[in-house]
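Peer 1: Can you keep this structure in mind? I'll have questions shortly.
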Amino acid sequence: MARRDALIVGDALGDRIAAGLSSNLHVHRRNPEIWTDHTLDDLGCDGLDLVVHCAYPAQSCRYQRLTTLSDDDWATMSDRQLENAVRLARAAHPLLKARHGTIVFVVPLMASAGGDGFAALATAAEGIRILAKSLAKSWGDDAITAHAVTLDAGAFVESAPANTLAKSNALHDSPLGRVPDDRDDVAPIIEWLAGPAAAPLTGTSLVVDGGLWMPG
């Protein structure tokens with residue numbers, strides 16, 4: 001069987017997702033503060049089957065009122081995160097094209113539902129979610145698929161504010177009685193999106209939160 005390569009971009013959440021991928025994937029890790037078109041030049045493979053972006057800095061994942069943020073704070077917490085996602089996509093494009101690969105952007109639920117005290121994170125995440133859809137339309141001719149996977153806030157922020165966000169954003173209790181685990185539940189779904197069974201899918205915004213958020 002030919003080697004399959006995955007690139008995971010992110011800190012703690014990236015670690016959990018990487019740990020949940022099967023041994024069929026050779027996992028590469030990157031998380032530079034600033035991306036360039038040459039960040040992946042030394043990756044050591046001729047293509048990528050899967051790229052996962054789940055990189056959000058700690059500053060973005062802390063409760064902060066919008067009115068307390070300076071222009072520099074906003075640039076760091078929101079603008080730069082979308083810019084880095086764009087740069088990652090640009091850098092990964094030739095490697096994804098070589099393998100007809102899949103790029104997945106993992107975003108917090110507040111990208112769709114908003115988040116009190118997390119305006120910068122929610123804004124960046126919604127921009128990244130729409131980026132996934134735009135890449136799906138732009139890169140289809142290269143046989144590259146693109147998706148956004150939305151997770152409960154607990155995957156990104158500390159437990160106390162995450163619980164508050166979950167209560168404010170959830171439309172009802174989880175029908176499953178639990179929030180999916182990043183390693184055991186989410187990672188296999190992301191890997192499935194890069195497999196042959198999901199080949200007809202692209203541009204999806206898949207909510208993996210145990211059914212907390214089910215808008216009409």
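The values are calculated or read from the model by the stated rules, or taken from the named source; none is laboratory data. No experiment lies behind these values; they were computed from the predicted model shown. Backbone-built Cβ (ideal geometry, glycine too); neighbour counts: all protein chains shown.
Peer 1: Across the range 4-27, what is the total count of residues that are closer than 19 Å to residue 94 by Cβ, touching an Asp or Glu at 6+ places or on another chain (Cβ under 9 Å) and of a type outside the set (Gly, Ala, Ser)?
Peer 2: Count: 4.
Peer 1: Here is a further query. Taking into account only those residues within the range 33-67 that are out of contact with any helix residue (DSSP H, G or I) (no Cβ under 8 Å at 6 or more places or on another chain) and over 28 Å from residue 158 (Cβ atoms), which is surrounded by the fewest Cβ atoms within 10 Å (Cβ to Cβ)?
Peer 2: Checked the range 33-67; the qualifying residue surrounded by the fewest Cβ atoms within 10 Å (Cβ to Cβ) is 42.
Peer 1: What tally of residues in the range 118-136 results from selecting those that are in contact with a helix residue (DSSP H, G or I) (Cβ under 7 Å, 6 or more places away or on another chain) and either small (Gly, Ala, Ser) or in contact (Cβ under 8 Å) with a residue 24 or more places away in the chain (or both)?
Peer 2: Summing the residues that are in contact with a helix residue (DSSP H, G or I) (Cβ under 7 Å, 6 or more places away or on another chain) and either small (Gly, Ala, Ser) or in contact (Cβ under 8 Å) with a residue 24 or more places away in the chain (or both) in the range 118-136 gives 13.
Peer 1: Enumerate the pairs (first residue in the range 1-18 and under 15 Å from residue 103 (Cβ atoms); second residue anywhere and of a type in the set (S, T, N, Q) and modelled with pLDDT of 95 or more) with beta-carbon separation below 9 Å, excluding pairs fewer than 6 apart on the same chain, so at least 6 apart or on different chains.
Peer 2: none
Peer 1: One residue is enough: does the range 37-55 have a residue meeting the conditions part of a helix (DSSP H, G or I) and at pLDDT 90 or above?
Peer 2: No; the residues of the range 37-55 include none that is part of a helix (DSSP H, G or I) and at pLDDT 90 or above.
Peer 1: Follow-up. Counting only residues that are at pLDDT below 95 and either on the phi > 0 side of the Ramachandran plot or among the small types (Gly, Ala, Ser) (or both), which one in the range 92-117 is nearest to the chain's Cα centre (by Cα)?
Peer 2: It comes out as 111.
Yes/no matrix, rows are residues, columns are (1) part of a loop (DSSP other than H, G, I, E, B); (2) on the phi < 0 side of the Ramachandran plot; (3) modelled with pLDDT of 95 or more:
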{"site": "136", "(1), (2), (3)": "no, yes, yes"}
{"site": "177", "(1), (2), (3)": "yes, no, no"}
{"site": "197", "(1), (2), (3)": "no, yes, yes"}
{"site": "212", "(1), (2), (3)": "yes, yes, no"}
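Peer 1: Let me ask something else. Consider residue 186 against the criteria (1) crowded, with 19+ Cβ neighbours inside 10 Å; (2) modelled with pLDDT of 90 or more; (3) over 18 Å from the mean Cα position of the chain (by Cα): it satisfies all of them except one. Which criterion is unmet?
Peer 2: (3)
Peer 1: How about the range 24-36: which of its residues are farther than 18 Å from residue 99 by Cα and either assigned to a loop (DSSP other than H, G, I, E, B) or of a type outside the set (Lys, Arg) (or both)?
Peer 2: Once the filter is applied, which keeps residues that are farther than 18 Å from residue 99 by Cα and either assigned to a loop (DSSP other than H, G, I, E, B) or of a type outside the set (Lys, Arg) (or both), the range 24-36 yields 31, 32, 33, 34, 35, 36.
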